[in-house]
1. How many of the residues making up segment 1-31 are in a helix (DSSP H, G or I) and under 17 Å from Asn246 (Cβ atoms)?
2. Can you confirm whether Ser56 is surrounded by fewer than 21 Cβ atoms within 10 Å (Cβ to Cβ) and either polar (S, T, N, Q) or in contact (Cβ under 8 Å) with a residue 60 or more places away in the chain (or both)?
3. Of all the residues that make up segment 104-126, how many are of a type outside the set (Phe, Trp, Tyr), farther than 24 Å from Asp51 by Cα and either at pLDDT 95 or above or touching a helix residue (DSSP H, G or I) at 6+ places or on another chain (Cβ under 8 Å) (or both)?
4. Spot the failing condition for Asp51; the list is (1) surrounded by fewer than 16 Cβ atoms within 10 Å (Cβ to Cβ); (2) of a type outside the set (A, V, I, L, M); (3) touching a residue at least 12 places away in the same chain (Cβ under 8 Å), and only one is missed.
5. When both residues are 6+ apart or on different chains and their Cβ atoms are under 7 Å apart, which pairs have a first residue that lies in segment 174-201 and is without any contact (Cβ under 8 Å) to a residue 40 or more places away in the chain, and a second that is crowded, with 19+ Cβ neighbours inside 10 Å and of a type in the set (Ser, Thr, Tyr)?
6. What do you reckon, is Leu41 closer than 26 Å to Pro5 by Cα, in contact with a helix residue (DSSP H, G or I) (Cβ under 6 Å, 6 or more places away or on another chain) and of a type in the set (A, V, I, L, M)?
7. Could you check segment 157-173 and list, in sequence order, the residues that are within 14 Å of His65 (Cα to Cα) and either β-branched (Val, Ile, Thr) or touching a residue at least 60 places away in the same chain (Cβ under 8 Å) (or both)?
8. Looking only at segment 205-219, decide whether some residue is in contact with a Cys (Cβ under 9 Å, 6 or more places away or on another chain) and over 29 Å from Ser72 (Cα atoms).
Amino acid sequence: METRPLESFGIEVIGIDLSQTQDPDAVEQMHQLWADNGLLLFRNQRLEEHDVVSFSRLFGELEIHVREEYLSPDHPELLIVSNVKENGKPIGILSDHEVGWHHDQIYLPRPAVGSLLYSVKIPDSGGNTAFCDQAGAYEALPDSKKCELKGVRAVHSYEFFNRQWSEPTSKMQKKRTPDVTHPLVRTHPISGRQAIYADPGMTSGIEGMNEADGHAFLNELYDWCLQPQFLYEHKWRLGDTLMWDNASTMHRRGEFDPSAERIMKRTTILPPPQMAVPI
């Protein structure tokens, strides 16, 4: 399988058509590449919705997102991310504004292991997606700081994210997404690498700390993670398909011209039930 490195971290996988049935050996190799590198990029894809879903399922069970109003009517595993409106209503989530650093579905008791995003329509400029290598950031920490993080649990909240970056959730959606806690350091189940598992968008505090102390503790970690050597910014091309590992990366999206249309289709990959809580 031919690959080449992206800037900073992640790899591009070359010469694979994701709409075709994948050889089991190739799938196994992609699983390992994904776990080891955090990001997999596949360029020049021409995918129907069922292709996106079928390929994503090779990596695990797919989530049906709580924001049901933005799911594909034909394939509810697909979340539409878009600023386009039809009949005065948005067809997708997150519009055209900046979306800050976050992990997908970190607010679930069984948080996502990964996500896949396929570009259907993109603006001429803006709307880039940046990624942070939180495994690399953890590995570069001084040993004394790693010891300080042992046993610490962070609190994660979908409502905390929505207040900053998205639309309010309904009462039923809030009921389905109560706050959860997870270890601040997550060990990847395949690669064994450890990573900082918190983000400014969805992590609302530290268990056992007051709000001010918790935020100060987290902000120090974020400043460390967001150094240039741990960052990769993806400028989208039509047909790009990007998979990221939620166990070892967080991501953000830049704003773009509201008059430009952007349509992306996303799947979210869940872990097996025995991995319901990160270790």
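The values are calculated or read from the model by the stated rules, or taken from the named source; none is laboratory data. Everything numeric here is computed off the predicted structure, so don't read it as measured data. Note that each Cβ is placed from the backbone with ideal geometry, even for glycine, and that neighbours are counted across all protein chains shown.
1. The first filter runs over segment 1-31 and keeps only residues in a helix (DSSP H, G or I), leaving 24-31.
Remaining after also requiring under 17 Å from Asn246 (Cβ atoms): 30-31.
Total meeting the criteria: 2.
2. Details: surrounded by fewer than 21 Cβ atoms within 10 Å (Cβ to Cβ): no; either polar (S, T, N, Q) or in contact (Cβ under 8 Å) with a residue 60 or more places away in the chain (or both): yes.
Taking the combined requirement at face value, the residue does not satisfy it.
3. Residues meeting the conditions: 4.
4. Of the numbered conditions (1) surrounded by fewer than 16 Cβ atoms within 10 Å (Cβ to Cβ); (2) of a type outside the set (A, V, I, L, M); (3) touching a residue at least 12 places away in the same chain (Cβ under 8 Å), the odd one out for Asp51 is (1).
5. Between residues of segment 174-201 that are without any contact (Cβ under 8 Å) to a residue 40 or more places away in the chain and residues that are crowded, with 19+ Cβ neighbours inside 10 Å and of a type in the set (Ser, Thr, Tyr), the close pairs are Leu184/Tyr197.
6. Details: closer than 26 Å to Pro5 by Cα: yes; in contact with a helix residue (DSSP H, G or I) (Cβ under 6 Å, 6 or more places away or on another chain): no; of a type in the set (A, V, I, L, M): yes.
The answer is no for Leu41.
7. Tyr158, Thr169, Gln173
8. First pass over segment 205-219, keeping only residues in contact with a Cys (Cβ under 9 Å, 6 or more places away or on another chain): none.
Looking through segment 205-219, none of the residues is in contact with a Cys (Cβ under 9 Å, 6 or more places away or on another chain) and over 29 Å from Ser72 (Cα atoms).
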